[in-house]
Each structure stands twice: as structure tokens, then as C-alpha cells.
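Scroll down for the structure; my scribbles are underneath it.
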Amino acid sequence: MPVDATLPYDDQNIFAKILRGEIPNRTVYEDEWALAFHDINPQAPIHILVIPKGTYVSWDDFSGKASEAEIAGFIRAVGHVAREQGLVAPGYRLLANAGIDSHQEVPHLHVHLFGGKALGPMLMR
Ligand code: AMP
């Protein structure tokens, strides 16, 4: 079910539980600002989710309210993970769903990092 990303942050969402260590995850990277872990239902050979540690529902919420340090830390973490995964030379795709039309399912900002094969053109059906 897509979520209404204009609602206040719900600290019972699944990524909040992952950040609190209440639900296991396959972590690939963690620092002060971000956690990156394998998507449970991968859509590419490499499919990693990078989430900020702060409580932000969506890209809109984050870009409007996060501090400069949080934004820089999160963006740097996404780039770091892509480099660490060896994806710079072959290339990769980033995707952030925000709100109902995008079918965002988890109301904690996350960037999908896809790679590990030629991904082809992005298709909108
Ligand atoms: P979105 O539709 O952009 O909100 O994407 C949510 C993503 O979270 C989907 O790709 C799910 O497969 C993934 N997901 C949901 N629960 C978990 C979990 N416990 N661990 C890892 N990934 C998850």
C-alpha cells in the first residue's frame, strides 16, 4: 500500500524498527548519518537501500527540514556505498519514491541503489 508522505513521521515504520535494531537487516554500510542495507526483495543483482538516521518521511520532508550536515552526510553516504560496491565504472541507478503517486511503501526516506547489470532505460508504465 502506498503511504501518504505528507503525514507526520510514524516511528513504528519498518525502517525505524531497523534503525533501532528491533528488526534484522543485512547492513552494507553505516555511519553517523546513514544506514545502508540490502533490499529484502531485490529488483537487480545489487539492490541496496540507503536511509538517513533522522526521522524523515520522504525526500520532501528531508530536503525541507534536515540540517546541512544531515543532507551532506546522507548524500555522501549514498555515493560512498556506490563506490564501495564497485558501481562507479559500470554505472548504477538511484531512485527515491515520494508519496502516493510514486507508490512509496515505507514512510522513512530511502534511496534505492540498483546495479550489477545493464539496467536498460527507465520505463514508466
Ligand atoms: P518503496 O516502495 O520505495 O517504499 O520501497 C520500499 C522497499 O523496502 C521495497 O523495495 C521493499 O522490498 C523494501 N523492504 C521492505 N521491508 C524491508 C526489510 N525488512 N528489509 C529490507 N528491505 C525491505
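Some values worked out for this structure:
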| item | result |
| --- | --- |
| Candidate set from the stretch 43-54 (those that are crowded, with 19+ Cβ neighbours inside 10 Å and under 13 Å from the mean Cα position of the chain (by Cα)); member that is farthest from His112 (Cα to Cα) | Gly54 |
| Any pair with Cβ under 7 angstrom, 6 or more apart, that starts in the stretch 8-26 at a residue that is in a loop (DSSP other than H, G, I, E, B) and ends at one that is open to solvent by 50 Å² or more (accessible area, probe 1.4 Å) and within 13 Å of the ligand (Cβ to nearest atom) | Ile23/Ile14; Ile23/Lys17; Arg26/His38 |
| Any chance Ile40 is more than 12 Å from the chain's Cα centre (by Cα), within 11 Å of the ligand (Cβ to nearest atom) and surrounded by fewer than 17 Cβ atoms within 10 Å (Cβ to Cβ) | yes |
| Selection within the stretch 10-37 - more than 13 Å from the ligand (Cβ to nearest atom) and open to solvent by less than 60 Å² (accessible area, probe 1.4 Å) | Tyr29, Asp31, Ala34 |
| Index of the failed condition, Asp4 passing every other in (1) open to solvent by 20 Å² or more (accessible area, probe 1.4 Å); (2) out of contact with any Pro (no Cβ under 9 Å at 6 or more places or on another chain) | (2) |
| Flag if Gln104 is within 16 Å of the ligand (Cβ to nearest atom), on the phi < 0 side of the Ramachandran plot and open to solvent by 50 Å² or more (accessible area, probe 1.4 Å) | no |
| Some residue of the stretch 36-56 being outside any loop (DSSP other than H, G, I, E, B) and touching a Lys or Arg at 6+ places or on another chain (Cβ under 8 Å) | yes |
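So that you can scan it fast, the table gives a plain yes or no per residue for (1) away from the ligand (no atom under 16 Å from the Cβ); (2) more than 18 Å from Thr6 (Cα to Cα); (3) modelled with pLDDT of 95 or more; (4) open to solvent by less than 40 Å² (accessible area, probe 1.4 Å):
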| position | (1), (2), (3), (4) |
| --- | --- |
| Trp59 | no, no, yes, no |
| Ala69 | yes, yes, yes, no |
| Val78 | no, yes, yes, yes |
| Glu84 | yes, yes, yes, no |
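The values are calculated or read from the model by the stated rules, or taken from the named source; none is laboratory data. Keep in mind that this is a model prediction, so the values were computed, not measured. Cβ atoms come from the backbone with ideal geometry, glycine included; neighbour counts cover every protein chain shown. Areas reflect the complete protein model, heavy atoms only, side chains present, ligands, DNA and RNA absent. Shrake-Rupley method; radii C 1.70, N 1.55, O 1.52, S 1.80 Å.
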